[in-house]
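Just so you know, all these numbers are worked out from the coordinates, no wet-lab data involved. Everything numeric in this text was worked out from a predicted model, so none of it was measured. Quick reminder, even Gly has a Cβ in these numbers, built from the backbone with ideal geometry, and neighbours come from all protein chains shown.
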Amino acid sequence: MTESLFFFFASLTLLCAVMVVISKNPVYSVIFLILTFFTISAHYILLNAQFLAAVNIIVYAGAIMVLFLFVLMFINTGKNMEDTMKKNVLAKIAGTVAGGLLFTVVVAALKDVTLGHPDPATFNSQVGMVENLGKVLFTKYMLPFQLVAVLFLVSMVGAVMIGKREAGEQNF
Amino acid sequence: MDSVVLIYKGIYILAIFGISLLIATYSTYFERKIAAFIQDRVGPNRAGPMGLLQPLADAGKLFFKEEFIPAKANKTLFILGPGIAMLVAAMSSAVIPFGDTLILGETSFDLIAIDVNIGILYIFGVVSLGVYGLMIGGWASNNKFSLLGAIRAASQNISYELAMGLSLIAVLMLSGSLSLKVIAEQQAGFNWNIWYQPLGFLIFLICAFAETNRTPFDLPESEAELIGGYHTEYSSMKLGMYLFAEYINIFVVSAVMATLYFGAYNFPFMENLRNAFDDPVLGNNVVTILGVVVMFAKIFAFIFFFMWVRWTLPRFRYDQLMKLGWNILIPLAILNILLTGGGILLYEYFTKG
């Protein structure tokens, strides 16, 4: 049951991810990206990591993708972009070469990977539950967790500074 | 999970789905009746006794209207928009505990569709997806006014989601659990969260109005500026779906508020009532059924409040809306977290130390 579900969601994820790349319309790309996040959340649930699944939906599908869509709606997704892309043969060749190289790198990296096999006898299936996650974050990984929080704060302040209206600047 | 529980869950999910649709249908009727009462009118009174069949007549009218799709619109997304809005709205009531457990014979039945330990995050995630229906529909209409409505909806939802999440954190600090069932159980009797979280509730309430696009936050569809906002180009049942999704959202948000802050299915002296029966099973079942009634009474009270506000308060200006969200509600919510944390520490200091 779990295995067939995994293969179903895995193929769905790959299909959606491919559709993100090959969609002509950027809005379709964003919608397929949202679907990809959903299928990834399904994988998290299969791994019994419900908190991660929910947070993945809230943060990526619920907030960041809304902003993506927000920006794309302002850009006129007209045919000009597509035309220039069709004519440029050099760009296509460069894209193919770069993609092929990336594929080679991924294959080379995956070749030597050894998958960890957790011992079913000692493995704690509740490790992804929100209580355990919280405990680990606030004890074992306290310092990295707080550093990430500070990093977020800094980037937030930076974003506000960039977005702030300068004195005398007219935006409307 | 044995097959009895599985069948029961299936029936229960269908029942909850049906009930949320029914309540949403009749919300339209009560909205018009309440509006009429507030404005000293009669309201719908032609279809059936007291106009009770009015929602059916409205739905019938919407079904028979012309299905119009603008010529330059993106057809797929134009049809997808209302579908997403409706789907997302109907998904969110799954984790709400409408009652305690019913004991029939040997088995006990939980009156909750799916008891996940991340219940509140599930609702939060689903609610945050609701904006896609509006955005996609507004963009696909290929109309500047629809696009403006969609953009407004998106920025409003994102802004108020932050304050909503922050006000939720204070509740979670008190309960120590993300499961709505556990949060409901902790508020047994009259020990409701509203006594500990008045400020948090106020923030949550305001954000709930903004998230459901209700007046005074209905700027995405403000007719004076944007014709109809994101649903300008929609007609027939597709328009009906958008309006219907809004009422389902109101129902769900009311249920969430009742669960988080007003004790869900708990009511005062429920333990006394439970102990008054000699048979513990009978006592439990009576209290549970009364609890369901109480839960729905609370939900209806909130739905009434939503309508009352709609016909009382005027709409915000757009910059006022953004200022309220970012400059007032978010700092207040952070202050509320600090106060709650301080309160918990003080309580532990005096009770344990």
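Things to note:
- Among the candidates B:Ala154, B:Ala113, residue that is touching a helix residue (DSSP H, G or I) at 6+ places or on another chain (Cβ under 8 Å), surrounded by fewer than 24 Cβ atoms within 10 Å (Cβ to Cβ) and within 7 Å of chain A (Cβ to nearest Cβ): B:Ala154
- For region B:173-184, a residue qualifies if it is within 20 Å of the chain's Cα centre (by Cα), more than 10 Å from chain A (Cβ to nearest Cβ) and surrounded by fewer than 24 Cβ atoms within 10 Å (Cβ to Cβ), and the qualifying residues are B:Lys181, B:Val182.
- Under the condition of being without any contact (Cβ under 8 Å) to a residue 12 or more places away in the chain and not in a helix (DSSP H, G or I), the residues counted in region B:314-353 number 2.
- Counting only helices (runs of 4 or more DSSP H) that sit completely within region A:87-172, those holding 2 or more residues that are within 14 Å of another protein chain (Cβ to nearest Cβ) correspond to A:130-139, A:142-163.
- Members of region B:93-110 found to be within 14 Å of chain A (Cβ to nearest Cβ) and touching a strand residue (DSSP E or B) at 6+ places or on another chain (Cβ under 7 Å), listed by number: none
- Extreme residue, surrounded by the most Cβ atoms within 10 Å (Cβ to Cβ), among residues of region A:4-36 that are more than 14 Å from chain B (Cβ to nearest Cβ) and among the aromatic types (Phe, Trp, Tyr): A:Phe9
- Lone unmet requirement of (1) buried (at least 22 other Cβ atoms within 10 Å of the Cβ); (2) more than 14 Å from chain A (Cβ to nearest Cβ); (3) not in a loop (DSSP other than H, G, I, E, B); (4) not acidic (Asp, Glu) for B:Leu199: (1)
- Scan of region B:116-130 for residues that are facing chain A (nearest Cβ under 7 Å) and either free of Cβ contacts under 8 Å to residues at least 12 places away in the same chain or assigned to a helix (DSSP H, G or I) (or both), ordered by number: B:Leu121, B:Tyr122, B:Phe124, B:Gly125, B:Ser128, B:Leu129
- When region B:137-180 is filtered for residues that are over 20 Å from B:Ile96 (Cβ atoms), among the polar types (S, T, N, Q) and part of a helix (DSSP H, G or I), the ones remaining, listed by number, are B:Ser146, B:Ser155, B:Gln156, B:Asn157, B:Ser159.
- Top-ranked residue in region B:131-149 [being surrounded by 23 or more Cβ atoms within 10 Å (Cβ to Cβ) and facing chain A (nearest Cβ under 7 Å); ranked as farthest from the chain's Cα centre (by Cα)]: B:Trp139
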